[in-house]
Amino acid sequence: MKKLSNILDLVSRDIFKRRGKVFAEIMINWPKIIGENYAKLAHPKRIIEARYNRQDNKMLIICVENNSVGMELSFHKDIIIQRIATYFGFKAIDKIK
């Protein structure tokens, strides 16, 4: 008999992989990346990929509970980008909005 958490993890990975593997991993491991306190108040919505000056850029869109949380996270966006890069082992996200 399998644990329900294992089954939900597999199902959620399949659903989120439709938006890309990086987004799936960010979404599933969001509390580990950003911290439990912020994870309750904000969640990743999507990743937008764009090409500027012959370079691919990925922007992570984050939804927040209220404007004050958004303002606070905007001050920490470089740290969040660094935590995501540390988690993946490469710079997966270039900007946060």
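The values are calculated or read from the model by the stated rules, or taken from the named source; none is laboratory data. In this text, all values refer to a predicted model and were calculated from it rather than measured experimentally. Only protein heavy atoms, including side chains, enter the accessible area calculation; ligands, DNA and RNA are left aside. Shrake-Rupley method; radii C 1.70, N 1.55, O 1.52, S 1.80 Å.
Values for this structure:
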read-out: Largest-first ordering by accessible area, 1.4 Å probe, given options Asp94, Asp56; value: Asp56, Asp94
read-out: Karplus 3J(HN,Hα) series, Hz, for region 47-58 with 6.51 cos²θ - 1.76 cosθ + 1.60 (x for Gly, Pro); value: 10, 9, 9, 9, 10, 10, 6, 6, 9, 7, 10, 10
read-out: Region 40-97: C-alpha pair distances exceeding 19 Å, %; value: 30 percent
